[in-house]
Amino acid sequence: MQPHTYGQALRALSRGLVAGVLLIVALCGGQPVRAAAQDIDDNDITWAIESDLMIDPTVTSDAVDVNTVDGIVTLSGTVDNMLAKERAVKIAETIKGVRAVIDRLNVRPTGKSDQDIRNDLVWALANDPATELYEITVNVDAGTVTLTGEVDSWQEKELAGQVAKGVAGVRGVENKITWDYVRDRLDTEIESEIERALESSVWIDDALIDISVNDGNVKLTGTVGSSAEKRRAYSKAWVAGVRSVDDSGLKVEWWARDSMRRESKYASKSAEQIEKSVKDALKYDPRVLSFDVGVDAVGGSVTLTGNVDNLMAKKAAERDAKNTVGVYRVTNLVKVRPTLTKTDATVAGDVRHAFRVDPLIERADVHIDLRNGRVYLYGRVDSQYERQHAQDVAARQVGVIDVENRLIIGDWKWKPDWEIEQDIESQLFWSLFVDSDDINVTVDDGVATLKGEVSTWSEQDAAIANAYEGGAKRVISELDIEYAPPGYTPPYYGPSYGPYYEPTYGYPYMYYP
């Protein structure tokens, strides 16, 4: 039986399966009951991951092996750089049925001396506006970077590690940076803040997650719907005062996207609730926390105001707001006001240098022009991920106040309409972020039309992204949003929108928060 055909049959079977599981959960006082029939076949999980890796040019899929046993995926083989390694893992995490991912991928970059790697990383940390003041020591041995020093939070430690992964030639990162919060907090205060953080995230269904805190040590137990959701819950648990987070008690079950909980989770929030949730998200984003960003909410529409000294901080603030439950629209009035005066020539040189040391952009055909702090990107890249990545790299450079992204993705590859439709349906089924049972797909001359109902704005974004991943030339969304505010009309993604869809809400297959 062909994988696509099996996936379609499995999707139909899953309707009754999930409904039955949720009914059992309800009858058992909210405690999940797992049966063997709920499992998705390991071979089909492997096929789905390999298919997604194959259409993502960031990862050389022929050099990556995928093996699945009882929902536990092992990735082995080689990739060119740390960003490709991280992307392969996260793609696997987004496949329905994956309980965990074991990363055994080896990074084999092109030859580069340890001294050159160290010089490039020191430059990258010093020129990133969020890490420029971090007191970090960098050592490199056979391409493996070791970071030491002290920062103010777990989030800042993670950001420094992410900057290191974005330097060409790095084979591995040992992040030994420590952090020290300014003050201790009561366990009850920590627990309450973690609960709010989980509840406020559009990417986490928190209904089946339990939190316990003992002397600042956090333990998460219960059930989540994916390995990716487990990772996000872990990250969100690192609020001020936390000494450690143990998520080993979180079980991953693909059916655990708790639809019974959604009506209350996505019910209309008051302006005060939305503003507090957005402000909480901003204070834990190391790219934003040092700035006074104003948040004003009216009926799910949020306006951001204030000044920041770099473009990436402005973009991060908008992303944080859009990833908050209850937010349907963000007007970003934050102004970029660089504190250092640099000539256009100097800023352009910084952007070009950043591209040269980046493992994804160094190999791409990207050219820049810069006028009065506005960067124009020209050329061709292989994927939407690389296109967005290039924009983010430019936005991190001090002195850049805006980026006009005119990069072109490789030419659209023709497929017959029936094949595109089948591939889109397969993408929707395997997606953790879309209920494919409620979406109908038709394709005419490469243009896909999506009809039906989704729960949230972010789920619509995910469905549209899936349609492009399935091979659509363009996508028309006629999806109704169940938990949209009264009178809300979603944007029209018709033929004039173009083939290079950038998910408004940071769909995690394209971008991982």
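Bear in mind that the values in this text are calculations on the coordinates, not laboratory data. All figures in this text were calculated on a predicted structure; none of them were measured in a lab. So basically every Cβ, Gly included, is an ideal-geometry build from the backbone, and we count neighbours across all protein chains shown.
Assorted remarks:
- Loop-located GluC sites (Glu not before Pro) in the stretch 63-161 (DSSP state other than H, G, I, E, B) with a sparse environment of at most 15 neighbouring Cβ atoms within 10 Å: E132.
- Here the mean projected area of the convex hull built on the C-alpha positions of the stretch 29-176 is 11.5 nm².
- Contour minus Cα-Cα distance for N405 and V122 (0.36 nm per residue): 99.2 nm
- In nm, spacing of pseudo-spin labels at N67 and T148 (7 Å Cα→C-beta vector): 3.7 nm
- Virtual spin-label span in nm between S212 and E174, 7 Å along Cα→Cβ: 3.4 nm
- Neighbour-limited loop hits for chymotrypsin sites (Phe, Trp or Tyr not before Pro), the stretch 187-247 (at most 10 other Cβ within 10 Å; DSSP other than H, G, I, E, B): none
- Average projection area in nm² (convex hull over Cα atoms of the stretch 114-179, one quarter of hull surface): 3.6 nm²
- Inter-probe distance in nm under a simple model that places probes 7 Å from Cα toward Cβ, at R356 and D187: 5.5 nm
- Dividing the convex hull volume of the alpha carbon atoms of the stretch 344-409 by its residue count gives 65 Å³ per residue.
- Applying a threshold of 18 Å to the alpha-carbon distances of K90/K283; K279/K314; K283/K342; K112/K165 flags K90/K283; K283/K342 as lying beyond it.
- Eligible lysines near K415 by straight Cα distance, threshold 16 Å, same-chain separation 8 or greater: K473
- Alpha carbon centroid spacing (whole Å) that separates the stretch 412-488 from the stretch 345-401: 31 Å
- Peptide ranges 403-411, 215-223 listed from the most packed, as the mean C-beta count within 10 angstrom indicates: 215-223, 403-411
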